[in-house]
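Since the structure comes first, as structure tokens, the remarks are kept for the end.
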Amino acid sequence: MCDLELKGIRKLYDGVARPVIPSLDLTIGARQMVVLVGPSGCGKSTTLRMVAGLEEPTAGTILIDGRDVTHLPPAERDIAMVFQSYALYPHMTVFENMAFGLRIKNVAEAEIKRRVVTVAQSLGLEPYLERRPKALSGGQRQRVAIGRAVVRQPKVFLFDEPLSNLDAKLRGDMRREIARIHQSSQATAMYVTHDQIEAMTLADQIVVLKDGVVQQIGTPVEIYEQPANRFVAGFFGTPTMNFLSADLAQTGEQHAARGPGFEIPLALSPSLRPAQSAVDRIVVGIRPERLSLEKRGGEVSLSGAVAMREVLGAEVVLHLESDAGPLTVRTDAGSAPRPGDTVQVWLDPRAIHVFHGQTEVRL
């Protein structure tokens, strides 16, 4: 068992005024898979490379299993990294690629063979051990890269967008493979991706980054159901969350979000009520799957015209134009209206998210 801790990590490149990572504190518990997610340029890969020893932090400390590894070379950190580009040696066979790290460490040949064959069997690579990378498919090459990391039995696995070069089906297959490997190895892992699906399906904890700053840390359910701000809310979910600008209205003790063509009652937390007088504009967030074409009782309605219809098999995504702004609705294919139709959509006020109009933090 091993934990990974980052304390006050800062990264500033020479000649650049703004740091890529201003200050990052993060603890990954033993056996956890923590996924760093965010848009391109948010600092997630830089963070991973600093943990791997491929980049030197400007300030801060990196601890692996309580040992300060901040200034140690990669070979002395007891980590294994899987790259986006596979990074296989083209002149070596699959067996030789997987065995390379063990031979560098002078592991006995009998033990090398045992480990490589065992891992190759678990990854479905045994028939290809004598082939070279050019004779393999993209998915098989990625399996070799993962197998090369697994045979080393490191304290920490690092994954740097390992699935981004694969097609959709292979990405799904490899996600399940990585999850299985992590579960069986019980190793600590840090995984970097810009893909929300990978983050949601693989993570014990998700770290959402924007401009090098942590926006939220939580379980996949917490990130999806209780986003800390508008950025996190909009980053997760397919299609993305609907956002409606509104005034925060008050009548007696009752609060409502009031905008063009809608008024939605709000149940503000008692702790927020004294501060609500300082808030005049808010943003209401509604997930597309929380909008319904059928009234079930107690909901608020919005009216809109269907501008576009996307068929996704059993489901349809409707894009509406309404007085409140663009709306996206995810519904069953059988009941979906056609472009040009005017429809009523219904929402349960308990299912909405409310964000401050200026700071965009969750209220």
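Do you know which residues across segment 13-37 are touching a residue at least 24 places away in the same chain (Cβ under 8 Å) and assigned to a loop (DSSP other than H, G, I, E, B)? Passing the criteria: Pro19, Val20, Gly29, Ala30, Arg31, Gln32. Among residues of segment 219-241 that are at pLDDT 95 or above, those with a Cβ under 9 angstrom from a residue that is part of a helix (DSSP H, G or I) and among the basic types (Lys, Arg), sequence gap 6+ or separate chain, pair up as Met241/Arg230.
Listed by position, the strands (runs of 3 or more DSSP E) inside segment 196-273 whose residues that are touching a Lys or Arg at 6+ places or on another chain (Cβ under 7 Å) number at least 2 are 242-251. For Lys113, are the conditions met, namely being of a type in the set (Lys, Arg), assigned by TED's automatic domain parsing to the domain that holds Val37, within 23 Å of Leu54 (Cβ to Cβ) and surrounded by 13 or more Cβ atoms within 10 Å (Cβ to Cβ)? For Lys113, the condition - of a type in the set (Lys, Arg), assigned by TED's automatic domain parsing to the domain that holds Val37, within 23 Å of Leu54 (Cβ to Cβ) and surrounded by 13 or more Cβ atoms within 10 Å (Cβ to Cβ) - is not met. The residue that is modelled with the lowest pLDDT, among those in segment 276-295 that are over 18 Å from Pro265 (Cα atoms) and more than 27 Å from the chain's Cα centre (by Cα), is Ala278.
Can you say whether Leu63 is surrounded by 17 or more Cβ atoms within 10 Å (Cβ to Cβ) and at pLDDT 95 or above, as far as the supplied structure shows? The answer is no for Leu63. Whether any residue in segment 183-193 is of a type in the set (Val, Ile, Thr), surrounded by fewer than 16 Cβ atoms within 10 Å (Cβ to Cβ) and either within 13 Å of the chain's Cα centre (by Cα) or over 23 Å from Ser164 (Cα atoms) (or both) is what I want to check. No - not one qualifying residue is present in segment 183-193. Scanning segment 139-158 for residues that are in the same structural domain as Val208 (by TED's automatic domain parsing), more than 14 Å from Gln84 (Cα to Cα) and without any contact (Cβ under 8 Å) to a residue 12 or more places away in the chain turns up nothing.
Within segment 98-121, the residues that satisfy the criterion of being in contact (Cβ under 8 Å) with a residue 40 or more places away in the chain and either closer than 24 Å to Gln183 by Cα or in contact with a His (Cβ under 9 Å, 6 or more places away or on another chain) (or both) are Met98, Ala99, Gly101, Leu102.
The values are calculated or read from the model by the stated rules, or taken from the named source; none is laboratory data. Quick caveat: nothing in here was measured; it's all calculated off a predicted structure. When we count neighbours, we look across all protein chains shown, and the Cβ atoms used for this are built from the backbone with ideal geometry, even at glycine.
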